[in-house]
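Beneath this line is the structure, given in structure tokens, with notes to follow.
The values are calculated or read from the model by the stated rules, or taken from the named source; none is laboratory data. Since we're looking at a predicted model, the values are computed, not measured. We place every Cβ from the backbone using ideal geometry, glycine too, and count neighbours over all the protein chains shown.
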Amino acid sequence: MSENELYDRIEKRNPNETEFLQAVEEVISSIGKVLKKHPEYHQLKILERLAEPERLISFRVNWVDDEGNVQVNRGYRVQMNSALGPYKGGLRFHPSVNQSILKFLAFEQVFKNALTGLPLGGGKGGSDFNPKEKSDQEIMRFCQAFMSELYRHIGHFTDVPAGDIGVGSREIGYLFGAYKKLQNEFTGVLTGKGPKWGGSPIRPEATGYGLVYFAENMMASNGESLEGKTCIVSGAGNVAQYAVEKLIQLGAKPVTMSDSSGFIYDEEGIDEEKLEHIMYIKNVSRGRIKEYTEKYSKAKYTETDSSKDFKPIWETKADCAFPCATQNEVKVKDAKNLKKNGIKLLAEGANMPTMADAIDVLQEAKILYAPGKACNAGGVAVSGLEMTQNRMGVYWTKDEVDEKLKNIMKRIHDDCRKTIEEYELNSHDYLEAANIFGFLKVADAMKAQGIV
């Protein structure tokens with residue numbers, strides 16, 4: 001069976017699941033050389049099995065708002081693949097959440113987790129609940145109602161969720177409290193917990209830090225450094241905030257951040273003091289990024305215009321780009337603008353933020369492209385380290401965890417480089433290398449464990 005026939009077969013089984021099919025097509029197009037070298041993977045239908053969740057759970061979530069009105073949301077958990085370990089992946093609370101998006105995220109998570117070298121399977125979950133503009137009491141009631149169903153399907157050695165968009169330390173706390181009461185046990189069933197009650201140092205920072213560590217290794221392998229480089233960063237959430245923090249620490253100059261309303265451009269650069277103000281706006285006052293210009297009047301704010309087929313943030317002249325907002329935010333025209341403005345590297349902090357045809361533009365221009373499944377694996381890496389600490393009952397210092405994270409990101413980068421050499425790939429093709437390395441690791445485990 002050819003790769004095209006394989007994709008067509010999967011597409012027929014998953015109609016209208018655009019995001020999921022986009023992720024599957026990317027992997028299929030990357031592993032042709034592997035399938036020729038290992039025809040047994042075709043015989044065992046490894047890819048078809050990988051594209052089918054081991055378990056897909058959907059459930060109703062009833063809760064009561066502050067006005068006493070009953071609200072109904074939909075909850076999900078996609079347990080995609082457990083060949084390497086318990087399912088691991090975040091929970092996302094956002095109105096856009098649906099089965100296709102969660103299957104795409106879970107599918108990506110399988111390969112991302114394999115790349116870390118830790119014993120983790122892949123999963124994802126969440127709800128179409130929107131925590132924005134909800135009171136703490138409403139969020140607590142929703143989390144308790146959500147966990148009253150989810151607890152049946154997760155466990156320390158079965159499935160260990162974490163946070164994602166809309167699920168931060170507050171939500172993890174409420175979810176963990178509900179699980180602890182329902183199961184009458186204190187176990188590491190969720191990661192991203194507070195450091196005083198079972199969490200790991202630098203878990204909030206991990207995805208952003210890991211992203212920059214990976215980019216640093218990519219630049220170094222090409223005789224470059226991040227020091228002194230002007231950087232565009234999209235997003236203003238956890239990943240973007242800590243990516244900016246690490247860029248500042250390494251001597252780079254981040255000049256943008258954004259949210260769904262628009263983006264700010266500060267030609268002088270965002271320094272530690274300015275970043276602290278952004279963190280206050282977004283984390284404490286739950287405000288909008290445009291408030292930045294009220295304090296720093298030299299910065300410019302550009303409002304989002306959804307009628308445009310490009311995003312003005314990617315027109316900014318810079319050396320490196322870090323899309324950290326959401327999927328498919330970098331389109332073909334954006335990639336062309338990045339190329340025109342001399343971008344040397346694009347590293348994905350979000351999951352699949354760059355569209356397939358935009359990736360083609362970047363790679364044809366020999367721009368270093370770091371796919372999210374490789375470079376934003378820092379979050380799940382430290383989640384895995386948190387699981388290890390929970391099981392051992394021993395907790396490492398911030399510096400110890402940071403050093404382990406740095407080593408994991410270097411190992412992921414080096415594994416991609418080795419795969420590029422072994423399969424004679426384009427020297428800039430980290431995407432194909434990451435897909436091949438992750439696929440081989442999972443495929444070999446599935447082969448060893450039989451048809452189950």
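Structure notes:
- Filter result (assigned to a loop (DSSP other than H, G, I, E, B), touching a helix residue (DSSP H, G or I) at 6+ places or on another chain (Cβ under 7 Å), small (Gly, Ala, Ser) and touching a residue at least 40 places away in the same chain (Cβ under 8 Å)) within segment 199-236: 199, 200, 236
- Looking across segment 256-275 at every residue that is within 23 Å of the chain's Cα centre (by Cα), of a type outside the set (Ser, Thr, Tyr) and surrounded by fewer than 22 Cβ atoms within 10 Å (Cβ to Cβ), the one that is farthest from residue 131 (Cα to Cα) is identified as 275.
- Test result for residue 414, more than 19 Å from the chain's Cα centre (by Cα) and outside the structural domain of residue 108 (by TED's automatic domain parsing): yes
- Looking only at segment 173-201, and only at residues there that are touching a Pro at 6+ places or on another chain (Cβ under 9 Å) and surrounded by 20 or more Cβ atoms within 10 Å (Cβ to Cβ), the one that is farthest from residue 386 (Cα to Cα): 175
- Any hit, segment 30-46, residues being within 23 Å of the chain's Cα centre (by Cα) and over 30 Å from residue 424 (Cα atoms): no
- Contact map, segment 409-424: first residue under 10 Å from residue 437 (Cβ atoms), second residue in a helix (DSSP H, G or I) and basic (Lys, Arg), Cβ cut-off under 7 Å, separation 6 or more or different chains; pairs are 423/33.
- Among the residues of segment 339-352, those that are over 14 Å from residue 313 (Cα atoms) and in contact with a strand residue (DSSP E or B) (Cβ under 9 Å, 6 or more places away or on another chain) comprise 344, 345, 347, 348, 349, 350.
- Conditions (1) crowded, with 23+ Cβ neighbours inside 10 Å; (2) modelled with pLDDT under 95; (3) touching a His at 6+ places or on another chain (Cβ under 9 Å); (4) not polar (S, T, N, Q); number of the one not met by residue 218: (2)
- Any hit, segment 222-229, residues being at positive phi, out of contact with any Asp or Glu (no Cβ under 6 Å at 6 or more places or on another chain), surrounded by fewer than 22 Cβ atoms within 10 Å (Cβ to Cβ) and not assigned by TED's automatic domain parsing to the domain that holds residue 116: yes
- For residue 140: the one exception among (1) under 25 Å from residue 412 (Cβ atoms); (2) in a helix (DSSP H, G or I): (1)
- The lone criterion from (1) under 29 Å from residue 90 (Cβ atoms); (2) among the aliphatic types (A, V, I, L, M); (3) at pLDDT 95 or above left unmet by residue 284 is number (3).
- Taken together, 26, 52 contain a single residue that is within 21 Å of residue 373 (Cα to Cα) and either touching a Pro at 6+ places or on another chain (Cβ under 7 Å) or modelled with pLDDT of 95 or more (or both), which is 52.
- The combined condition, being among the aromatic types (Phe, Trp, Tyr), in a loop (DSSP other than H, G, I, E, B) and at negative phi, is not fulfilled by residue 322.
- Residue 100 vs. criteria at pLDDT below 95 and not in a loop (DSSP other than H, G, I, E, B): yes
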